[in-house]
Every structure is written in structure tokens, then in C-alpha cells.
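**Student:** Structure provided below as C-alpha cells; questions to follow.
Bear in mind that the values in this text are calculations on the coordinates, not laboratory data. None of the values given here were measured: they were computed from a predicted structure. So basically every Cβ, Gly included, is an ideal-geometry build from the backbone, and we count neighbours across all protein chains shown.
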Amino acid sequence: MYRSKVDGYVGTGLAMVGGVCTLLVLTIALFLLRESWSVVQGVGLRRFLTDSAWNPTEKRFGLAPMLLASVATAIGAIVIAAPLGIGSAIYSRFYAGRQAARIQRAIVTLMAGIPSVVFGLWGLVALVPLINKIMPPGTSLLAAMLVLALMILPTVALTADAALATVPMPLQQGAAALGLSREAMIAHVLVPAARSGIVAGILLSLGRALGETMAVLMVAGNVVQVPTSVFEPVRTLTANVALEMAYAVGDHRASLFVSGLALTLIVAALAVASWRLSEARSHG
Amino acid sequence: MLIDRRMFFIGAVALSTSTRAQTTDLTGRLVITGSSTVAPLVLEIGKAFEKRHPRVRIDVQTGGSSRGVADARSGLADIGMASRALFDNERDLFGTPIARDGICLVAHKTNAVSDLTDEQVKALFTGKAADWQEVGGKPGRVTIVNKAEGRSTLELFLQHYKLKNSDIKASVVIGDNAQGIKTIVGNPGAIGYVSIGSAEFEVSQGTAIKLVSSGGVVPSSAAVQAGTFPLSRPLTLVTKQAPTGLAAAFIAFARSSDMHPLVKEQFFVPLQS
């Protein structure tokens, strides 16, 4: 195959850019490992899961409640955001008029651009006092779930919308020719056809929810404990790093890098799952 | 355009003559290590000092008060930083306070309680008193707002009330003072503690909080300054001997009234001038 000189340059350039990105990610992972290594060796990984409490200055390193809190807030958020986001995508694609669909898409896109600290501030001054009236203290697992749900809603809605847009027209026409009602067509033909794309979007949002820091830090209450109800405060892994890193030294600091490492592994697993789903879609 | 360039030229000349006039004596590098409470303030003072003496480099590293004292003694650092006065067994060293740090209890403005004994504070923070009624307030659940581990305000609080962090039954754990105050504003049953400087600032801005006195002592920057407020401590620069040369110039600069705005910006209280 003939390749022009310019093509060659562009190819080499792009390969270098790609290489740099890969290298950066690897460097960050290695850095996390190096910084946490001293405590992994000295204290042992098991104690991070089995210690009864998190008091690094008193030599107790129990991360498990925070791992649980991170997963719980993210799953709670997705349970709230997924139906809303998918519903919004179905509405704008199949029910809304042209103008209404455009306005809705614009608003959802705008919502995706709101900085997380703004969501956090709104949560702290509006949502938390409201929950406090129902059940003190207000800063809680529930508040974190709700704020996160709002934050990832645009991602769910936009990826679901994009997935629905890729469903081949003949499927829709065939369904219509069979005399299916619009509801039956959406529920039994179009949404199932877009399923892998929608699920990939949900996993992507889940990754974002797990990684979110500021908004959660402001509304979750940050008490290290296994919650017995959604009204109890929790601390996520990200909030833990943000709260304590500035003043941590020695083993305390290294153990915060262990929190970071744990989180990175979870998010990486989600990314791989999301990627494999999209792969499956492009081959099917 | 011409005017712009000429003014720039005049400015540059003025700048170079003024700096030249002041750099005749001071050159070199100061290594300052220690308390992470004092470090942000010293970093800011260091920047101002470097601006005034461009041939001086100030190198600030954190690592806790004990490292500051140890480094000053071993000579690893020219100046150590400690968020406390020197202990009796450290009297061989030389400590100079540059500011004071004070914290106070803060509750929602509508809270009926305005004074708590030390015992009551302990009962509240360890969860033994879970309702405001138990300490003489209106009925309502108590929400304890605690600081995250490693913060100097937490350290000072625990030290004063002789508590361990694991004893405290917190409902909310916060990072900085502003977040704590916002949390208390949104929760009428909440009580926490923040730097006095930030609490006074918020009250002056009309924020719905109030300063709760502890054991009859009314918290104020003035009381911290006078050294009569119990929940306070000096921020100290430590040297091996009485400071000389560059270190002496820096410490004098840090204590000068020019630095008071920087001290207040970090929510510390300036020394009496």
C-alpha cells in the first residue's frame, strides 16, 4: 500500500501522542504503587480490610467501610439516575417534537458541564438541611446518592440517547410494519437493540460516580462507618484522600495512597467492562 | 505606545534601584521545616521576604512539630516550626512565637445554649449526651461536627479536652473551617469547633452561627492575643541558638506588623504589637 510522506509523519506523530498517554497512565499507577509500598509492606494489605477502625495516627487502618461506602453511593446514584436518564433519552428520541427534543438535549448537555463543586454546594445548603428535617444530621449516604445521581444523570441520558440513535432504521420500520404499538416497539425492539450501548454508558457513569470527590465530601458527612440506614453519614475513599492528604505524614500518608490504589483498580475494572460491552456491540 | 514604553522603563529602573539598595546584606538560603499548621503561614511570609530580598531563598518543608524541633536541634534546618510552645526538656533551644492559633466552639444561632462546661463538651463529643436537653438546651438531637484526622484544630481540641479522636462520636467530619460553618448553618442541632478567626469573620458577615463559650471564657481574637483563652497555642519558630544573621532577619520580619494581614488570612491571631 502506498503511503505518502505526510501520512508517515502524521502516523508517527499520532503514535507518539498515543504512547505518551499510555505512558502517563502507567506512570501514575507506578507512582501510586511506590507511594503506598512502605505501608503495604510494613502493615500488610489484609489489615486494611480487617482493622476495626480508621485511625491511622493510632495505627488502625480499616478501609473496608470506606470501600463499601464508595460502592454504595455509586450504586445508589446509578439506581436513581439510570431510569431518569434512559427515560429522558427515550422521550427525546421517540416522543418529543423536534424543537422540544433539541431544547432537552441542550439542557442535558449544559447540566453535564456544571462543575461538581457547584452540585456539592447546592447539596450542602439546600438538600442537606431538607434531609436534616426528616432525620438528623442530614449529611448522609442519601444526600451523597442524590447529589451524585444528579451529576451522572447527563452522562446516562446522553450515552443512552447516542445508543438509541445507532439502532438501524430497518428494525424500527420492521417493527412498525408488524403493527406494533409505539410502546411495544420501544420496549421490545429498540431498547433491547441498544442495550449494550446503554449498559456501557451506565458503567461509565458508575466510574464517574466512584471517582467524584468534592460534591460527596461536602454532603456525605465523612464519618468512617458501615451505615445501617441511608440517613447515616459515610465516608468514601475519594473523600478520605481529599480530607486527610494535606496533613498526612509517614504511614498515614502511604495508607491514603492505598485508598487511591483501591479506587483506581475498581474504576479500571469498570472501564474494562464498559469497553468489552462496546466491543461486543460493534461485532454483533 | 511610546509613553507606555517609557513608563515601563522608569518602572524598571525604580524597581532595580530599590532592590539593589536592599540586597546588599541579605543573601543565602534558609531551610525551614516542621509543623504543617505553621507551614502555610511561613510559606506566605517567605514569599513576601523573597520579594523584598531577591537573593534569598526560603525553603519550607512540612513534617510535624516534633520534626521541626528535631531538625532545628540537629542543624538539618535553620529554623524549625512548632505549633506549640517549647516543652521543658527543649529549653536548650530558642523559641520565638510569630502568631497564636485559637479555636472555639460554634453552634447554630438559634441554639439556646451559649456556655458549656468542659465536662458538658466532653459528654457531647463522646456521645454521652445525645440530646441538647441534657446540657440545658431545648430538646433536639445533637449533631457533632468533627475535623478530619491530621488537622491542627482537631489536635488542639483533643489536647485541651484530653480526648482521643477515636472517642469522638462524630456525625459529620469536615475538612476546612468554611465547610464546618456551612454544615452548622444547615443544621440547628449541630456543634463543632473552628479557628476563632474564621468564626469571628463569619459572624461579622451575618452568618447564622454563634460562638459558644467554654467554662465561662468568652472566645475572641483579643482573648487569644492576650493569651487568656485556654483553647489556644503559640505558633513558634525554633532555632538552635538565639537567631543571628538571615534567620534573625526572617524571624523579625515574620513578627513585624506588616505580616498581620497574612496572619489573619490564615485565620491565626497576630501577636500583640
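**Student:** May I ask you to list the aspartates and glutamates whose Cα is less than 16 Å away from that of B:K47, ignoring any residue fewer than eight positions away on the same chain?
**Tutor:** Answer for B:K47, where 16 Å is the Cα cut-off: B:D59, B:D258, B:E265, listed by chain and number.
**Student:** Remind me, relative contact order of chain B in percent, using alpha carbon pairs under 8 angstrom and six or more residues apart? It would help to have the intermediate numbers written out before the result.
**Tutor:** Working: 507 pairs, mean separation 72.3, N = 273.
It comes to 26 percent, rounded to a whole number.
**Student:** Which percentage, to the nearest 5, of the DSSP beta bridges contained in the protein assembly as shown is antiparallel?
**Tutor:** Numbers: 25 of 43 bridges.
That works out to approximately 60 percent antiparallel.
**Student:** Where Lys and Arg each count +1 and Asp and Glu each count -1, what net charge lies around B:A130 among other residues with Cβ under 14 Å from its Cβ?
**Tutor:** Details: positive: B:K122, B:K128, B:R141, B:K169; negative: B:D131, B:E134.
Neighbour charge sum, excluding B:A130 itself: +2.
**Student:** Quick check on my link table: of B:K164/B:K240; B:K109/B:K264; B:K164/B:K264, which ones sit more than 26 Å apart, alpha carbon to alpha carbon?
**Tutor:** Values: B:K164/B:K240 32 Å; B:K109/B:K264 24 Å; B:K164/B:K264 29 Å.
In this structure, B:K164/B:K240; B:K164/B:K264 lie more than 26 Å apart at Cα.
**Student:** Shifting gears a bit: Using mean Cβ contacts within 10 Å as the protection proxy, how do B:39-50, B:169-180 order, highest first? Mind showing how you got there, number by number?
**Tutor:** On the way: B:39-50: 19.3, B:169-180: 22.5.
Ranking the peptides B:39-50, B:169-180 by packing returns B:169-180, B:39-50.
**Student:** Can you give me the pair-distance distribution of the stretch A:131-264, C-alpha pairs, 10 Å bins, whole percents?
**Tutor:** Spelled out bin by bin, the stretch A:131-264 gives 12, 28, 24, 18, 12, 5, 1 percent.
**Student:** Same structure, new question: For A:F94 and A:A64, FRET efficiency with R0 = 45 Å and r from the beta-carbon atoms, rounded to 0.05?
**Tutor:** On the way: r = 44 Å, r/R0 = 0.99.
According to the calculation, E is roughly 0.50.
**Student:** Hey, got the average number of other protein chain Cβ atoms within 10 angstrom for residues in B:137-145?
**Tutor:** Details: counts 0, 0, 0, 1, 4, 2, 7, 2, 3.
Counting other chains' Cβ atoms within 10 Å and averaging over B:137-145 gives 2.
**Student:** Hey, what did chain A get for relative contact order, percent, Cα under 8 Å, at least 6 apart?
**Tutor:** This gives 26 percent for chain A.
**Student:** Using a cut-off of 14 Å between beta-carbons, work out the net charge of the residues near A:T109 (Lys and Arg +1, Asp and Glu -1, A:T109 not included). List each step's numbers first, then the result.
**Tutor:** On the way: positive: A:R102, A:R105; negative: A:D161.
Residues near A:T109 contribute +1 overall.
**Student:** Using 7 Å Cα-to-Cβ label points, what is the B:E134/B:V31 separation (nm, one decimal)?
**Tutor:** 5.1
**Student:** So how far apart, in nm, are the two label points at B:Q241 and A:L26 if each is 7 Å from Cα heading toward Cβ?
**Tutor:** If labels sit at B:Q241 and A:L26, their model points lie 5.5 nm apart.
**Student:** Using R₀ = 45 Å, calculate the FRET efficiency as 1/(1 + (r/R₀)^6) where r is the Cβ-Cβ separation of B:T126 and B:H260; round to 0.05. Please report the intermediate quantities before stating the final value.
**Tutor:** Values: r = 38 Å, r/R0 = 0.83.
For R0 = 45 Å, the calculated efficiency reads 0.75.
**Student:** Is the shape of the stretch B:102-226 best called rounded, prolate or oblate, per the rule: a/c under 1.5 gives rounded, else a/b larger than b/c gives prolate, else oblate, with a ≥ b ≥ c the square roots of the Cα gyration tensor eigenvalues?
**Tutor:** Details: a/c = 1.25, a/b = 1.09, b/c = 1.15.
Note, shape of the stretch B:102-226 comes out rounded.
**Student:** Explain nothing, just the number: relative contact order of the stretch B:132-189, from Cα pairs under 8 Å at least 6 residues apart, as a whole percent.
**Tutor:** Details: 48 pairs, mean separation 23.9, N = 58.
In percent, rounded to a whole number, it is 41.
**Student:** Follow-up. Rounded to the nearest 0.05, what FRET efficiency do A:S181 and B:S74 have when you use their Cβ-Cβ distance and R0 = 60 Å? Please list the in-between numbers first.
**Tutor:** Values: r = 83 Å, r/R0 = 1.38.
Efficiency for this residue pair is about 0.10.
**Student:** Each label point is 7 Å from the Cα along the Cα-to-Cβ direction; what then is the distance between the points at B:A252 and A:L121, in nm?
**Tutor:** My value for the distance between the label points is 4.4 nm.
**Student:** A further question follows. Tell me, what is the Rg over Rh of the stretch A:235-284, with Rh the Kirkwood radius over Cα pairs?
**Tutor:** 1.27
**Student:** Length gain on complete extension for the stretch A:L49 to A:W275, per 0.36 nm per residue less the alpha carbon to alpha carbon distance?
**Tutor:** Net length gain for the segment: 78.4 nm.
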